[in-house]
Amino acid sequence: AQSVTQLDSQVPVFEEAPVELRCNYSSSVSVYLFWYVQYPNQGLQLLLKYLSGSTLVESINGFEAEFNKSQTSFHLRKPSVHISDTAEYFCAVSEMTGGFKTIFGAGTRLFVKA
Amino acid sequence: DVKVTQSSRYLVKRTGEKVFLECVQDMDHENMFWYRQDPGLGLRLIYFSYDVKMKEKGDIPEGYSVSREKKERFSLILESASTNQTSMYLCASSLSQGPHETQYFGPGTRLLVL
């Protein structure tokens, strides 16, 4: 069965510093990978996803994630964070043969300090 | 833009009450989901519906039921609320049945059962 591990529950960082939010998954088949973001008092929204092709995927607000099949990882990075990036970030995985089910990680709370 | 709305942002109920949580999406999506979100546990799937009147159990269906009489509306029912059902409840929808599809989330309903 598939599973998702987000290695850090909280990541405090200063504004304009780089950040990496770590995500590892476990699955016996090929997967699709997602990062969702939840801003305070809002629902989740898609940040980026890997379906196929280039292993590096980017979002419109400067985040990127790289699919590493050998390490079963999909870490999220941003070279310079803003106060407005403060949110909770969820990594998620769906098996290509798995029908409707998406498994979400426990979440990483990113706190950007001035 | 896809819009998913939930009937209440906050609810306070008594143990044993029957509770209805309503969700409406406006983009003619086939699939709708109910999750509960708890700190440190991420999102856990309660129920999923892939068509009107069709439903599938998720990972934690005990104590819950669902209803989908119209394509745009998906209701979660707590037959007899208990304190361990105090949580944030998130509704989501996706265009079609496929593990690659993006899910679109509502803002959530925070339920407190006393």
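Most mobile of B:82, B:94, B:49 per a Gaussian network model of chain B (Cα springs, under 10 Å)?
Looking only at B:82, B:94, B:49, the biggest GNM fluctuation is shown by B:82.
If you count, for every residue in A:45-54, the Cβ atoms of partner chains within 10 Å of its Cβ, what is the mean?
The shielding value for this peptide is 2.
How much FRET efficiency would the formula 1/(1 + (r/R0)^6) give for residue A:82 and residue A:45, where r is the Cβ-Cβ distance and R0 is 22 Å, rounded to 0.05?
So, using R0 = 22 Å, E works out to roughly 0.85.
On full extension of the chain, what length is gained from residue B:112 through residue B:22, given 0.36 nm per residue of separation minus the C-alpha to C-alpha distance?
Residue separation times 0.36 nm, minus the Cα-Cα distance, leaves 30.8 nm.
For region A:102-109, in order, what is each residue's ³J(HN,Hα) by Karplus, 6.51 cos²θ - 1.76 cosθ + 1.60 with θ = phi - 60°, in whole Hz (x at glycine and Pro)?
Result, ordered by residue: 10, 9, 9, x, 6, x, 10, 8 Hz.
Restricting the calculation to Cα positions, tell me the Rg (one decimal) and the Dmax (whole number) of chain B in Å.
My reading of the Cα-based Rg and Dmax gives 13.2, 39 Å.
May I ask you to list the residues of region B:1-30 whose amide nitrogen lies under 11 Å from a point 7 Å from Cα along the Cα→beta-carbon direction of residue B:54?
B:30
If all Cα-Cα distances of the protein assembly as shown are sorted into 10 Å bins from 0 onward, what percent lands in each bin, rounded to whole numbers?
For the protein assembly as shown, the binned pair fractions read 8, 33, 35, 20, 5, 0 percent.
Take peptide B:84-96, look around each residue's Cβ out to 10 angstrom, count Cβ atoms belonging to other protein chains, and average those counts.
Going residue by residue through B:84-96 and averaging, the value is 1.
Per residue of region B:109-114, what does 6.51 cos²θ - 1.76 cosθ + 1.60 with θ = phi - 60° give for ³J(HN,Hα)? Whole Hz please, x for Gly and Pro, Karplus curve as stated.
Per residue, the Karplus-derived 3J(HN,Hα) values read 10, 8, 9, 10, 10, 9 Hz.
Over chain A, with a Gaussian network built from C-alpha contacts below 10 Å, which listed residue (A:67, A:34, A:14) shows the highest mean-square fluctuation?
Among A:67, A:34, A:14, the largest mean-square fluctuation in the Gaussian network model of chain A belongs to A:14.
Please get the size of the charge dipole for region B:4-113, origin at its Cα centre, with Cβ charges of +1 on Lys and Arg and -1 on Asp and Glu, quoted in debye to the nearest 20.
380
Which whole-number percent is the relative contact order of chain A (Cα, under 8 Å, 6+ apart)?
RCO, chain A: 38 percent.
Relative contact order of region B:4-113: what whole-number percent is it, with Cα pairs under 8 angstrom and at least 6 residues apart?
The normalised contact order for region B:4-113 reaches 37 percent.
What are the extents of the Cα atoms of region A:1-91 along their three principal axes, listed from largest to smallest and rounded to whole Å?
Cα extents, longest axis first: 38, 25, 20 Å.
Which whole number gives the average, over all residues in B:39-51, of C-beta atoms from other chains lying within 10 Å of the residue C-beta?
4
Fewest first, what order do A:56, B:111, B:11 take by the number of other Cβ atoms within 10 Å?
A:56, B:11, B:111
Place +1 on the Cβ of every Lys and Arg and -1 on the Cβ of every Asp and Glu in the protein assembly as shown, take the dipole about the Cα centre, and give the residue among B:99, B:46, B:19 whose Cα lies farthest towards its positive end.
It is B:19.
Using a 10 angstrom cutoff on alpha carbons, build the Gaussian network for chain B and name the most mobile of B:56, B:101, B:22.
Fluctuation is largest for B:101.
Find out how many positive minus negative residues lie around residue A:103, taking Lys and Arg as positive, Asp and Glu as negative, among other residues whose Cβ is under 13 Å from that of residue A:103.
Computed value for this residue: 0.
Read-outs: derived from the displayed coordinates by stated rules, not from any lab. Everything numeric here is computed off the predicted structure, so don't read it as measured data. We place every Cβ from the backbone using ideal geometry, glycine too, and count neighbours over all the protein chains shown.
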